[in-house]
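The structure appears right after this line, and notes come after that.
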Amino acid sequence: MILVFPYCPSEKRHARFFAAVIAALAAIIIMSSMLQAEEIGCLRGVNVSGGEYGDAEGIYETAYIYPSDGTLDWAVSRHMNAIRLPFLWERLQPYLFTDLDAAELARLQDTVKRANIRGLSVVLDPHNYASFRGQKIGAGEVPAKALADFWGRLAHHFAGNNEVVFGVMNEPADIPSKVWFDAAQEALAAIRQANAENLVLIPGNMWTGASHWFDEQEGGSNAQLFEQISDPADNLAFEFHQYMDSDFSGTKNNCSRVDDAILALKKVTEWLDRNSFRGFLGEFGASTSPECLTGLMTVADYVNRHHTIWIGWTAWAAGEWWGDYPLSLQPVGKIDKPQMRALLPYLLPKGNSSQCAR
């Protein structure tokens, strides 16, 4: 940038004035560059539960729901820029290796559109634990290539929309780790073959827990296997979940293992850094006890401070049908839950999240 000012040598005060202006502009430019380099631009928000409720044949708005405009508006008003959106694989694709259900796909697309219009990125989350109609991938009639077929079909509909992120599967569990690795790799390849370069989130086995990432399993640990992942688009991150209760399950009201949860996150952060990978904390949550509120803040703060490695987080969980669920983040009227108030300081100002999705 070249700045030109009129200059009169006989007026020394003008010279001093313009020198000060130039110095100030230089400082602004330098500061702007520093802020741009340090800009986080990451995905931060909540899971919005409801689309995964009920069985596959359940009726919409009776057995399951997708978020209302009111819930999406609430998310935006709290400076979130992302939601993780659970749904059922078998509801969207009732039979393996067949077309997606047109009505369900339209509901999913409508939800994504309504969220994107509000500036919210959407993490698509088949909430199936590596199962299809109760059968595990790689067993019975659900081969690994079935998941790849599903993702190839779904990715086609959202290819090119960088505000849509593909979460390959929620919490794979009770499956041989090598079987899961192969299924995830095939799904990733199918997404890229559909000409979709969207960000893809890859979970590990054993509920993708950070606390289980290095556990020995049949075929190797998550850490050992996923060092071999291959992505021609080079646009993936590993999804982790980490709760703070006594068994890290998120099913209890206590937060007795906050320190252990942070230690687990530190270990996977080192693994991610060592392998030039990125991480995403797809689930963490807690009840309203003082130790739990402190734990929520501690986890969010840890991920935020390591934003060069962690692209963000979505807390568990909002959703209009939670009722008195202890971990619910859904507001009661206009009143936020204590957990939401604890997380508010760690949310980004409202804005576009595409920098994290690339």
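The values are calculated or read from the model by the stated rules, or taken from the named source; none is laboratory data. Not measured: the values here are computed from a predicted model. All Cβ positions, glycine included, derive from the backbone under ideal geometry; neighbour counts span all protein chains shown.
Here are some notes:
- Restricting region 154-192 to residues that are of a type in the set (D, E, K, R) and in contact (Cβ under 8 Å) with a residue 60 or more places away in the chain, the residue that is nearest to Tyr129 (Cα to Cα): Glu171
- Of all residues in region 257-274, those being over 19 Å from Gly312 (Cβ atoms), in contact (Cβ under 8 Å) with a residue 24 or more places away in the chain and not aliphatic (A, V, I, L, M) number 2.
To keep it simple, each residue is scored yes or no on (1) more than 17 Å from the chain's Cα centre (by Cα); (2) in a helix (DSSP H, G or I).
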residue: Thr98; (1), (2): yes, no
residue: Ala103; (1), (2): yes, yes
residue: Ala106; (1), (2): yes, yes
residue: Asp110; (1), (2): yes, yes
residue: Gly119; (1), (2): no, no
residue: Tyr129; (1), (2): no, no
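- Residue satisfying all of: in region 193-204; in contact (Cβ under 8 Å) with a residue 60 or more places away in the chain and assigned to a loop (DSSP other than H, G, I, E, B); surrounded by the fewest Cβ atoms within 10 Å (Cβ to Cβ) among these: Asn198
- Residue among Glu218, Glu227 that alone is surrounded by fewer than 18 Cβ atoms within 10 Å (Cβ to Cβ), of a type in the set (Asp, Glu) and at pLDDT below 95: Glu218
- The listed residues are Ser287, Ser328, and the only one of them that is touching a Gly at 6+ places or on another chain (Cβ under 9 Å), of a type in the set (Ser, Thr, Tyr), closer than 23 Å to Ser49 by Cα and modelled with pLDDT of 95 or more turns out to be Ser328.
- Filtered by the rule that a residue be among the aromatic types (Phe, Trp, Tyr) and either free of Cβ contacts under 8 Å to residues at least 24 places away in the same chain or under 13 Å from Met244 (Cβ atoms) (or both), region 275-304 gives Phe284, Tyr302.
- Of residues in region 281-332 being of a type in the set (Val, Ile, Thr) and part of a strand (DSSP E or B), the one surrounded by the fewest Cβ atoms within 10 Å (Cβ to Cβ): Val332
- Only listed residue being buried (at least 16 other Cβ atoms within 10 Å of the Cβ) and among the small types (Gly, Ala, Ser), chosen from Ala106, Ala115, Ala102: Ala115
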